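Chemist: Following this message is one structure expressed as structure tokens.
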Amino acid sequence: MKKYKGLKLTLIILVIILLAIISFGGVFIQKKGQYINILPEYQLARDLNGYRKIVLKVSDEVEETIKYDAEGNVIADTDTETEVARTEEKKVNSEEILTQENYEKVKAVVEKRLSQMNVTDYIIKQSNESGTIILEVPENENTDVIVGQMSSQGKFEIVDNDTNEVLMTNDDIKSVRAGYGRSSNGTVTVFINFEFNKEGTEKFKNITNTYVETTQTEEGQDSQNVNEQQTEETQNAEQAQQTENSQSTDQTGDKQETVTKEIALKLDDYTLLTTYFDNEVTNGILQLSVGSSSNATQEQLQEYLLEASNLASLVDSGKMPVVYVVDQNQFIYSDITSQSIAISISVAIAIVAIGMIYFIIKYKTKGILASISLVGYIALLLIAIRYFNVEVSIAGLIEIALSVIISYFIENSILKQGEITKAVKNALIILIPSLIIAITFTFMEISIGVVLFWGIAIALLYQISITNLMLRD
């Protein structure tokens, strides 16, 4: 029995050592000739990592200049002879739409886009008079994408590819979502699903019946002309294949022509794609493929999915009633320097070391085991913060320190009382208010709430399991 207990203890200590190596050192693999750490980097908040200051102002760009003659008639652009009596500049934002109500709608759209891109640690301000928006977001690898998303109007249109007639707009959309799936042949496809509302579903049904490939027949050719045309088509087959609308002649001498009516999907007047339909669509869902591959790496799939998600969130958040442009895009350095952080970490390590020495001096062997257990808890907490992409701010660092203190006092209570279950139960009763606060902050997407929640939850579970196994007689 004693031998079994010694083996169990050795295995637990080895697991803790492994956790410490992974957490404090990392896990490195060779990729493309370089060793990279596959453990996610810490997501530092604005107050630690600096932030991007983005100023969005109402665009005063001129969309077109309209010319009038002496009688007030519009002069066509191709008319170079008529004398211009006056000109009028048509701006992208007319005076009628520059209202406080529309400015507030724009702000709501910006906040929705930030939420869908999982940006939580931000500050947004808006001028009621000019509509100018000042946005501060954390600096990371996605910041440039965020800048692009915030300045886009998000105007979605389905238009006739020939006449440019607008067939559907943002008002016809219910929701837009990105995802991926694997087909029966193993091909992984990343897609965007446009789900239309009731009115949009009916419009889209009509579009799928109208914008199709059809064959038109022209009558009136005699058999001699048929033979001559067939001979000519045989000699020029290669040229015929390059024409947009294919032509053929049946045995009666009628000429057949394939005509395709296409729609264009546009975002902010940029054409995403042109297409037509083979079948009627009645469920009100338009699915677009962003990328597909039968042997795509996880990295490639993530890139496809990120691209699809960004496009989906841009359309799903709605169209800005006012057109904005980026007036300022500036990185603001944090007041907290790397040296200050290093000093703070060194002080925290020293305090933990003093606490562990106290354990060892007072409780001897069990004190050593409790100290090892505490190291394992810190390592596990830091790994969890990395893997769950928790943004760490100055307040978050305080929450991490508080979590370690909570774990330390639970262990001290266990060593004093000798009853692990009772010690953890007492700790849980004391920590219930903190857990409620942490859960509330987590649902409100406040990062310190997430840190506190994981810190307390892992502390309680860790003490019941790992510390219990190590200190139990």
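The values are calculated or read from the model by the stated rules, or taken from the named source; none is laboratory data. Computed from a predicted structure; not experimentally measured. Neighbour counts run over all protein chains shown; Cβ positions are idealised from the backbone, glycine included.
Chemist: Which one of the conditions (1) farther than 30 Å from residue 395 by Cβ; (2) surrounded by 15 or more Cβ atoms within 10 Å (Cβ to Cβ) does residue 84 fail to meet, given that it meets all the rest?
Modeler: With (1) farther than 30 Å from residue 395 by Cβ; (2) surrounded by 15 or more Cβ atoms within 10 Å (Cβ to Cβ) applied to residue 84, the lone miss is (2).
Chemist: Could you tell me how many of the residues in segment 319-343 are at pLDDT 85 or above and among the hydroxyl-bearing types (Ser, Thr, Tyr)?
Modeler: 2
Chemist: Test residue 115 against the criterion of being out of contact with any Phe, Trp or Tyr (no Cβ under 8 Å at 6 or more places or on another chain), assigned to a helix (DSSP H, G or I) and not acidic (Asp, Glu), and give yes or no. Can you show your working first?
Modeler: On the way: out of contact with any Phe, Trp or Tyr (no Cβ under 8 Å at 6 or more places or on another chain): yes; assigned to a helix (DSSP H, G or I): yes; not acidic (Asp, Glu): yes.
It is true that residue 115 is out of contact with any Phe, Trp or Tyr (no Cβ under 8 Å at 6 or more places or on another chain), assigned to a helix (DSSP H, G or I) and not acidic (Asp, Glu).
Chemist: When segment 122-161 is examined, which residues are found to be over 21 Å from residue 325 (Cβ atoms), in contact with a Ser or Thr (Cβ under 6 Å, 6 or more places away or on another chain) and among the charged types (D, E, K, R)?
Modeler: none
Chemist: Quick check: anything in segment 210-225 assigned to a helix (DSSP H, G or I), modelled with pLDDT of 65 or more and surrounded by 12 or more Cβ atoms within 10 Å (Cβ to Cβ)? Break it down stepwise before answering.
Modeler: Pass one, segment 210-225, residues assigned to a helix (DSSP H, G or I): 210, 223-225.
Still in the running and modelled with pLDDT of 65 or more: 210.
Next cut, surrounded by 12 or more Cβ atoms within 10 Å (Cβ to Cβ) only: 210.
So far as segment 210-225 goes, yes, one or more of its residues are assigned to a helix (DSSP H, G or I), modelled with pLDDT of 65 or more and surrounded by 12 or more Cβ atoms within 10 Å (Cβ to Cβ).
Chemist: From the residues in segment 98-125 that are over 24 Å from the mean Cα position of the chain (by Cα) and surrounded by 14 or more Cβ atoms within 10 Å (Cβ to Cβ), which one is nearest to residue 65 (Cα to Cα)? Break it down stepwise before answering.
Modeler: Within segment 98-125, the first condition is being over 24 Å from the mean Cα position of the chain (by Cα), and the residues that meet it are 98-103.
After this cut, where a residue has to be surrounded by 14 or more Cβ atoms within 10 Å (Cβ to Cβ) as well, the list is 98, 102-103.
Working: 98: 20, 102: 25, 103: 26 Å.
Per the stated criteria, the residue is 98.
Chemist: Since residue 103 meets every condition but one in (1) closer than 30 Å to residue 451 by Cβ; (2) in contact (Cβ under 8 Å) with a residue 12 or more places away in the chain, which condition does it not meet?
Modeler: With respect to (1) closer than 30 Å to residue 451 by Cβ; (2) in contact (Cβ under 8 Å) with a residue 12 or more places away in the chain, residue 103 is out only on (1).
Chemist: Next question. Select from segment 317-357 the residues that are closer than 30 Å to residue 412 by Cα and surrounded by 17 or more Cβ atoms within 10 Å (Cβ to Cβ) and list them in ascending order. Break it down stepwise before answering.
Modeler: At the first step, the residues of segment 317-357 found to be closer than 30 Å to residue 412 by Cα are 341-357.
Those that are closer than 30 Å to residue 412 by Cα and surrounded by 17 or more Cβ atoms within 10 Å (Cβ to Cβ): 352, 355, 356.
Chemist: Given the structure, is residue 336 in contact with a helix residue (DSSP H, G or I) (Cβ under 6 Å, 6 or more places away or on another chain) and not in a helix (DSSP H, G or I)?
Modeler: Details: in contact with a helix residue (DSSP H, G or I) (Cβ under 6 Å, 6 or more places away or on another chain): yes; not in a helix (DSSP H, G or I): yes.
Against the criterion (in contact with a helix residue (DSSP H, G or I) (Cβ under 6 Å, 6 or more places away or on another chain) and not in a helix (DSSP H, G or I)), residue 336 qualifies.
Chemist: Right, here's the next one. Which condition number in (1) of a type in the set (A, V, I, L, M, F, W, C); (2) out of contact with any Gly (no Cβ under 9 Å at 6 or more places or on another chain); (3) buried (at least 17 other Cβ atoms within 10 Å of the Cβ) is the one that residue 48 fails?
Modeler: (2)
Chemist: Among the residues of segment 128-170, count how many are closer than 20 Å to residue 102 by Cα and without any contact (Cβ under 8 Å) to a residue 12 or more places away in the chain.
Modeler: Quick first cut of segment 128-170, residues closer than 20 Å to residue 102 by Cα only: 128-135, 149-156, 169-170.
Among the residues that remain, those that are also without any contact (Cβ under 8 Å) to a residue 12 or more places away in the chain are: 129.
The total comes to 1.
Chemist: Considering only residues that are aromatic (Phe, Trp, Tyr) and surrounded by fewer than 21 Cβ atoms within 10 Å (Cβ to Cβ), which ones fall in segment 386-434?
Modeler: Keep residues of segment 386-434 that are aromatic (Phe, Trp, Tyr), which gives 387-388, 408-409.
387, 388, 409 - these are the residues of segment 386-434 that are aromatic (Phe, Trp, Tyr) and surrounded by fewer than 21 Cβ atoms within 10 Å (Cβ to Cβ).
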